[in-house]
Each structure stands twice: as structure tokens, then as C-alpha cells.
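Below: the structure, in C-alpha cells.
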Amino acid sequence: MSLEIRSAVKTNDCWNVECMYPTYDDWLKDFEKKFSSSDVFSPLEKFRGRLAAGAGTVKDLLDHVFQADRDLSYLYTYAHLRHDEDIAEDRHKTGFIRICSVFHEFSRAVSWIEPELLLLPQEKISEYLQADVLKEYRFHLEKILRVKNHTLSSQEESLLALSAEALDGYTKAFSALNNADLAFGSAKDSSGKEHEITHASYGVFLRDRDRTLRENAFKGMHEKFEDYENTISELLTGLVKKHLFRSKARKYTSCLEASLYPKNIDTQVYHSLVETVNSKIGVLHDYIDLREKTMNVGPLHLYDMYVPVTPEFDITMTFEEACDLIIESVAPLGEEYTQILAKGLREDRWVDRYENKGKRSGAYSNGCHDSMPYILMNYKDVLRDVFTLAHEAGHSMHSYYSRKHQPYCYSDYPIFLAEVASTFNEELLMQHMMKKAKSKEEKIYLLNMKIEDIRATLFRQTMFAEFELSIHTKAERNEPLTPANLKEEFYKLNQKYFGPKVEIDSVAKIEWARIPHFYADFYVYQYATGISAALALADRVLHGGVKERDEYLNFLKSGSSKYPVETLKIAGVDMSTGEPVTAAINRFHDLVTEMRALL
Ligand SMILES: [Zn+2]
């Protein structure tokens, strides 16, 4: 069946962009009125060099900046949504490119503000932090000024700023190699048929029930990275050296601290994640033991980790049925939450539901302070998509509440918190479906899915976090990073995490070389902390009363008005301790026990 063109899609299946602008021409008019002139940001220039003038001046400037940001975000949101409806549509593409370039211009126009604030004398800073007129911006300023002690002289700072673009080369070179230059050939399945290996098909092959295909895809992918191990090792080493340069130049005690300190996340959060997972690694081995017994194919290999252990089973439902189920599943969050979400999904048209010709693939939750929290889906009646919808609805409700309850400058939530609300809603849906499951097969299928989710997000990402930390620590100690010792380190981690029941093939030692997230500056641990917080919170809400529920809702309403770890404390979890991670691992253990009993 060929896909519908965008103009043929029923209104009810499309997100409601008309409530932002009735037509694209109305958007264009508004855009040209507000942002088409070349000196649109010149009012900001008149503040440059004057930030010591007094609290009133700083407030004026921040008002200007946030208003411009708000206007731009509104225009951007509409252009972005229209662009993604059909990425081949030229008019929308042009509009999107235009608004993006204004956004870049805006970033350039405000880039001097933080450095100038940071170079103010300490007395001035204290004065501003006390000033009544800056009350609303106090925390915003505090976040910027937090790194004052790690800020250098203005000459040194301008040198650092100049070096920044040059030091981006490692990340860009890896991305070019990984996304454009490398070709992975093909993998034979058990009947001898060849399948092309790409980044997208690789994940599908690893879930295939044909073991020969899995093995060949795994080997084909990793052997290619092995061919380039010297180049990739230099790229990753270069990136680590870049972090070391930043850490030393700004006088941090470690690369990890240099990355986490500006966000006010204690390095203890990172260490306690790794330590807790290590101390409970037996729980993962226990699951692998069950996997080995169930699959019964002899010793397991890494390419046996993703295929479902359960017999073929399928749950399908329409979009409307998925909405009904998701709305039922959020009942523990109370009537208000349920009603807002139900209205958003069913009546207000938050969601762009199905695939059409040229529509952007995947799924996301988007929108801005003055719009609805839109959701892009490519919904296809399969269970994975039901969970994706629950996930994106979790993001959207978090955005909805934060935007409603916070002033503009605090209405976004930080990355550390981003995946908590979404994963939380997936967990509610899972628990709801488990309760309603009619057959043993259905239960096993659901359990397997959830177990794999936690394994891939909590255990695997913590293993990556441990690797990332260890290569930085080696560099800090002046120990060399070579292909051989990177491979050895990764091999040891694989052995530790997967345990005695898995044979780690030699070619798997190179896996670190294909992980793009290692170029994202201590990012991966947040997947693990995010799912831990979400599972701990879901457990707390499901087993708690009104107090626990309201605390969770207050967390959703907090946006970025506090530091992330503090924000989570509102909901009742303390990520500086190992407790939430322990709770998540206990949940994993319970799921494995339940699946073992059913199998
Ligand atoms: Zn998400």
C-alpha cells in the first residue's frame, strides 16, 4: 500500500497547528514583522559592556533576551512542525531554514552575556543576587555564576572561546566516519541470503530469530570498526584530551567534575550509580542464566542478547485503543492529570498520528511555552508504538505542567530530568497491562520487553559510563590510550557485566569504537539515572497515597526552577544515594523472577 500524501491526511489524524497560525502565510507575515530586519537584535548590543551599571540594567537585558527567545520559539515551533509533516515540501523547508538561521544569529547576539556576567567583581555579583528587582532571575543568575571560580581572565577566556571550534574536530570526524564513510557490507542468513548491514538494519538483525544472521551481522559490523581501530582510537583519545584540557585550564580536579559541576550534579551521583550497579551485578547474571536456559543454544554470545526469549506472540491495537489504554494507565496520577492527557490525545489533537509520504520518521514530543505539547508519531498498531506513545505523552505532560506553573525562564526541564517522566509513564502502562493480561504468553511477552528495556538502559549504559570514566581517569594519570588497552578495558567490562554464561568473542572488544555517545561528554550515565529515578518513583506512587502522588506532580511542575538533583528530591528520590538505583535493580530482579516462574 503506498503512503498518503500529506494533503490527503484526515484533519483528525493531524496535530492542531492551525491554532498557532491559521495558515502558513500568517506565520510568514508574523515572522517578517518580527525578525526579518537585519538589525533585529541590535537592542541587545546597547547593553554590552554595561552589565556593571546596576541590577535594573541587568533585568532590562534579561527581559529583552527572554522575550526574544519566547517569540522565536513560537515561530520556530510552528515552522519545525510544518517542516516535519513533509520534509520534501519546499515552502516549509525554506521557512524552517530561515527561522533556524535567525536562531543562530540570536545565539551569537547573546553569546557575550554570560562571559561578561562572569567577569564582574564578586561584590557586584553579590549585590545582584540580593537585588529585589532581579528576584525572578535570581536562580537563573545563580546557575550562570556558579562557575565563577572556574572562570579565567578575559584574555584567557577569549583564547578558550577561540579554541572551542578547533577542538570540535574529533567529534565531527567520528560522525563523518560513522555516518558517511563506513560501509558495513552484508550479512548472510541461515539460508544463504545476503542482507545489507546499516546502522538501522543492524538493530533489527540482532533481534532476528535466525542465529546465523545475528552472528554474521554482529561480526560484519564490528570487523569493520576493527579495520579502523587506530583512527578511531586516536579520535576518542583526542576527545578525552580535549576534556582534560578543559579540566586543567579551568582548574577542576577531574574531567568528570568539569562536566558535572556547571550543572550542579555532584560526582557522587555518577560514582554511586556505578558502585551500586557493580554491587548488584549478580542480578544481571541471574537473568542471563535464565536467558541461556530458555534459549538452549549452548553458550551465549553477545549477539544472543537482544532476540526475544519468548515464543512468537503479538499484541496489536489501533491508535484509539492505545489512547484508551494509556489514559487508563495514568489513573494513579489522579483525575486532573488523566483529564488533561485524555483531552490532549482525543480532542485537542496534540498528536500527529500516522506516517504519510515525506513525514519525518521516529517520534518526539515538542512544542514551546505558548503552544500545546505536540507529539509526532508514526503509529503502526504494534505494541512498541503503544509504549512510544505513552513515553512521548509522559514528556508532553511534563512540559505541560512545567510551562503552566513556571515563568518562562524556568519552564524547560534539564537533560538530567528529561527521561524521567517519559519512562515513568511507560512503567505505569506496563504495570497496567500486566494486570490486565489474559494469557501466560502475553505476560511473558510483556515481561521480556520490560526486562530488556531495563537491561539496555540501566545495565548497559552504566557499563558505558564506567568505560567513559575509566578512559578519562587513565588520561588524567598520563597512562596511554591505545587500541589494545581500550579493547582490553572494554573486554573486562563485558566479562564483568555479562558474567560466566556469555562467551565474549574477540571481535566484540572493539564495540566501544562504534558508540557515538562517547563523544557527548559524560552523557550516557543519565540514561541509567533517568530509568532508575523513574522506576523508583513509579513504585513510590503506585504503593503510596495522595502525598506521594502530589509530590510527583510537583516535580512535573518544577521545570528548571531548581537544580536537577534537588528537583527529583521534591518527588521523593535522592540520586546522590544508591537507593533509587537499588530500587530499579530490585524491580528488574522481581521481573526476572516472575518470568522464570512463568517459563
Ligand atoms: Zn524520551
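Results, tabulated for the structure shown:
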{"quantity": "Peptides ranked, highest mean first, by Cβ atoms within 10 Å: ranges 144-155, 277-288, 507-518", "calculated": "507-518, 277-288, 144-155"}
{"quantity": "Percentage of interatomic Cα-Cα distances in region 188-249 larger than 15 Å", "calculated": "60 percent"}
{"quantity": "Partner lysines for K492 [C-alpha distance under 16 Å; skip if fewer than 8 residues away on the same chain]", "calculated": "K474, K501, K509"}
{"quantity": "Simple Cβ-charge dipole of region 183-227, Lys/Arg +1 and Asp/Glu -1, about Cα centre, in debye nearest 20", "calculated": "200 debye"}
{"quantity": "Partners for K547 among lysines (Cα-Cα distance below 18 Å; same-chain residues under 8 apart left out)", "calculated": "K557, K569"}
{"quantity": "Spatially proximal lysines relative to K443 (Cα-Cα < 18 Å; intrachain offsets below 8 disregarded)", "calculated": "K435"}
{"quantity": "Share of pairwise Cα separations in region 469-531, more than 16 Å, in percent", "calculated": "55 percent"}
{"quantity": "Computed P(r) (all Cα pairs; region 6-145; 10 Å bins; percent)", "calculated": "10, 34, 24, 19, 11, 2, 0"}
{"quantity": "Peptide ranges 83-91, 2-10 listed from the most packed, as the mean C-beta count within 10 angstrom indicates", "calculated": "83-91, 2-10"}
{"quantity": "Pairwise centroid distance, computed over Cα atoms, of region 524-571 with region 267-286, Å", "calculated": "20 Å"}
{"quantity": "Sorted by Cβ neighbour density within 10 Å, fewest at the top, the residues D304, D385, D348", "calculated": "D348, D385, D304"}
{"quantity": "Share, in percent, of DSSP beta bridges within the chain that are antiparallel, nearest 5", "calculated": "60 percent"}
{"quantity": "Sequence ranges 328-337, 581-590, ranked by mean other-Cβ count within 10 angstrom, highest first", "calculated": "581-590, 328-337"}
{"quantity": "Size of electric dipole in the chain: Cβ of Lys, Arg +1 and of Asp, Glu -1, about Cα centre, debye, nearest 20", "calculated": "680 debye"}
{"quantity": "Value at 222 nm in deg cm²/dmol, rounded to 500, when DSSP H runs of n ≥ 4 in the chain each add -39,500 (n - 2.57)", "calculated": "-20000 deg cm²/dmol"}
{"quantity": "Rh by Kirkwood over Cα pairs, then Stokes-Einstein D for the chain at 1.002 mPa s and 20 °C, µm²/s", "calculated": "81 µm²/s"}
{"quantity": "Net +/- balance of residues flanking Y21 in space, Cβ distance below 10 Å, scoring K and R +1, D and E -1", "calculated": "-2"}
{"quantity": "Greater than 26 Å apart at Cα, pairs in K124/K251; K46/K143; K10/K450; K188/K450; K242/K562; K241/K487", "calculated": "K10/K450; K188/K450; K242/K562"}
{"quantity": "Distance between region 428-482 and region 212-231 - C-alpha centres, whole angstrom", "calculated": "23 Å"}
{"quantity": "Radius of gyration and maximum dimension Dmax of region 68-141, Cα, Å", "calculated": "18.2, 55"}
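Every read-out reported here was derived from the displayed coordinates using simple, explicitly stated rules and does not represent laboratory data. Because the structure is predicted, anything quoted here is derived from the model rather than measured. We place every Cβ from the backbone using ideal geometry, glycine too, and count neighbours over all the protein chains shown.
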